[in-house]
Every structure is written in structure tokens, then in C-alpha cells.
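Q: Right, I'll just put the structure down here and ask away after.
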Amino acid sequence: MSDVQKRVVTIPEIATVVEVKDEIQDVKTFYLKFDNPEVDANFKIKSGQFVMLTVFGYGESAISLPPSPENDRFHLSVRKVGKVTDALHNLVAGDKVGIRGPFGNGFPFEEIKGKNIIYVAGGIGLIPLRSSIVHVLQNRKDFGRIIVLLGARTPDDLMYQNDIEEWLKIEGFECYVTVDQKTEGWKGETGYVNSLIEKANVPVENTVAFVCGPPVMFNSVIGDLMSRGLKDDCIISTLERHMKCGIGKCQHCAIGRTLVCTDGPVYTYKQIKTLGEVI
């Protein structure tokens, strides 16, 4: 491991907020650039990993990584849910934050080449999945069918609306969108996201599914996928826990015999089932 990588892992590296974009209610995307050019050039991630973000004077919080590992601006999409994220939402371009990481095992990439890939996201569940979706699209020829099923409470609650508009135009890339409650002007599907599984005729053979969203949505989608014949070790998700160190020392994110910050946050549903009622 290089000195740069060691510094990124062990102490916060200073990064400047370059741009702030409003996404949906209580969610903003922060585009960042490391102040140290060497760190900025060598900061590498895997889809599904996370960083520890410091808002100086307020604390540190674990944040999912939505950018693709290749050719994508470094950014974090963050929902305002507590002291640290409230303070983050008050930052503007030019302000400084600290970044440690990246941490965690990440989504598989090489292992799923040649397979059909299904992504199912509910609400802000699209944030951790975006990285893998973009990465797979950047390597489209290496995969079979790529199907993205997106759901949100209303059209205004759809994350990454610019990305969705682009995805809907890509030939050979299947993107379906639905909302629980339509609003004036909405011309798309209405219903829960699991209703899209049948519409998309989701394949089972040689298929891997990535699922992220609130518990009710997650359990419903898992049930529908498995009823079609998808095996539990072919369904992948992330676990969210209050991670305080990111390196397995504080044990704060322990669930039974696993530490989410080091063993996860990515798990197959087969693994999740052995951990008890965690979703």
C-alpha cells in the first residue's frame, strides 16, 4: 500500500466542495476535489464501498459512494438525517470537508461479467446502486441484459433524474420507472417497484440482482424475485449500520459475527438471512 493510500485510510484528507446540486427533498449531491493533487489522482474506489466524511466541528458519518470507479466525477449524495448531515447541507462551494476511505468490500464486478444484471432501487436506494449501474454501462459489452427498475413515492422523489433521462435513451439498456403516487403531468407507470418485475420479464438463468431500498420494498422485491426462481446467493444488497471507524476497530456496526464496515456493506441475501432480522 502506498503512503498516499495509507493517509487516505488512516486520517481524513481535506477536500473542497466544488459544486452542490439539489436532488430531491432533503438530499443534495456534493461534488468534491481533494486538495492534495496526489491523493486526488490516486483515489480509487469500488462500487458499493463507502467513505467516512468529516464536517469539521460537527463530526464524521459513513456515506455511500455513488460515482463509477472509472471516468466519473467524485461526488457524494447525502440525505439530511442528523447533526453531521444537517451541517453538510449548509456547506457551499469552497467549503472544506474531510474524507477517509474508501472502505468496505464493494459490489462484485469481474465475477458478474457475462451475466444478466438486474438493479432494483426504491427511493434513495438508487444512491449506492448508481456506481455499479454506471460502471456496468461503461463496460456494456461484457454483460447480457441490463435491467434497471426504479421506484419512488412520487415523481419528485426520483433520484438522479438527469441520469434517468439519459438511461431511458440508451439502446440495449432497459430502464423502467414507476411511482407510488402520480402527480399532475406524470405519464409514466404508477405502482410499487416490484410490479415492474413482471413487466420487464426479468430473466432468472445466468442472472444477478442488486436490490436496495426501504425494508418493505426490499422484502417484497426479494419475495417476487425468488418466486421467479432466482437463488438467494444471486441477490445482492447493502446493509446500513452506524459505522464510526470504518476499519473494524470500534465494533459499532457488529451484527452477530459480521462487521458491516469490513465484511460488508455488500452481502448476498443468502448471507443476510443468516444474520437475523436486519432488513
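Q: Does I117 satisfy being in a strand (DSSP E or B), at pLDDT 95 or above and not assigned by TED's automatic domain parsing to the domain that holds I170?
A: Taking the combined requirement at face value, the residue does not satisfy it.
Q: Within segment 62-79, can one find any residue that is more than 30 Å from L137 (Cα to Cα) and in contact (Cβ under 8 Å) with a residue 12 or more places away in the chain?
A: no
Q: Please state which of the following conditions L126 fails to meet, knowing it meets all the rest: (1) more than 19 Å from the chain's Cα centre (by Cα); (2) over 23 Å from N206 (Cβ atoms); (3) assigned by TED's automatic domain parsing to the domain that holds E198.
A: Condition (1) is where L126 drops out.
Q: Say we look at segment 19-71 and pick out the residues that are of a type in the set (G, A, S) and part of a loop (DSSP other than H, G, I, E, B); which of these is nearest to N90 (Cα to Cα)?
A: Ranking the candidates gives G57 first.
Q: Sticking with this one: Answer yes or no as to whether D232 is out of contact with any Gly (no Cβ under 7 Å at 6 or more places or on another chain), closer than 26 Å to K113 by Cα and of a type in the set (D, E).
A: yes
Q: In the set F30, F74, F50, F43, which member is of a type in the set (F, W, Y) and either at pLDDT below 95 or assigned by TED's automatic domain parsing to the domain that holds D232 (or both)?
A: F43
Q: Just to be sure I understand the filter: pairs with C-beta atoms under 9 Å, separated by 6 or more residues or on different chains, first member in segment 87-112 and closer than 14 Å to F74 by Cα, second member part of a loop (DSSP other than H, G, I, E, B) and of a type in the set (D, E, K, R). Which pairs pass?
A: Sorted first by the residue in segment 87-112, then by its partner, the pairs are P102/K44; P102/K46.
Q: Ok, one more. Would you be able to say whether some residue in segment 238-245 is part of a helix (DSSP H, G or I) and either in contact (Cβ under 8 Å) with a residue 12 or more places away in the chain or assigned by TED's automatic domain parsing to the domain that holds P155 (or both)? Give the steps one after another, and end with the answer.
A: If we filter segment 238-245 for residues that are part of a helix (DSSP H, G or I), which is where we start, we get none.
Looking for residues that are part of a helix (DSSP H, G or I) and either in contact (Cβ under 8 Å) with a residue 12 or more places away in the chain or assigned by TED's automatic domain parsing to the domain that holds P155 (or both), one finds none in segment 238-245, hence no.
Q: Does T16 satisfy the criteria of being at pLDDT 95 or above and hydroxyl-bearing (S, T, Y)?
A: So T16 fits the description; yes.
The values are calculated or read from the model by the stated rules, or taken from the named source; none is laboratory data. Since the model is a prediction, treat every value here as computed from it, not as a measurement. Every residue, glycine among them, receives a Cβ derived from its backbone with ideal geometry; neighbour counts consider all protein chains shown.
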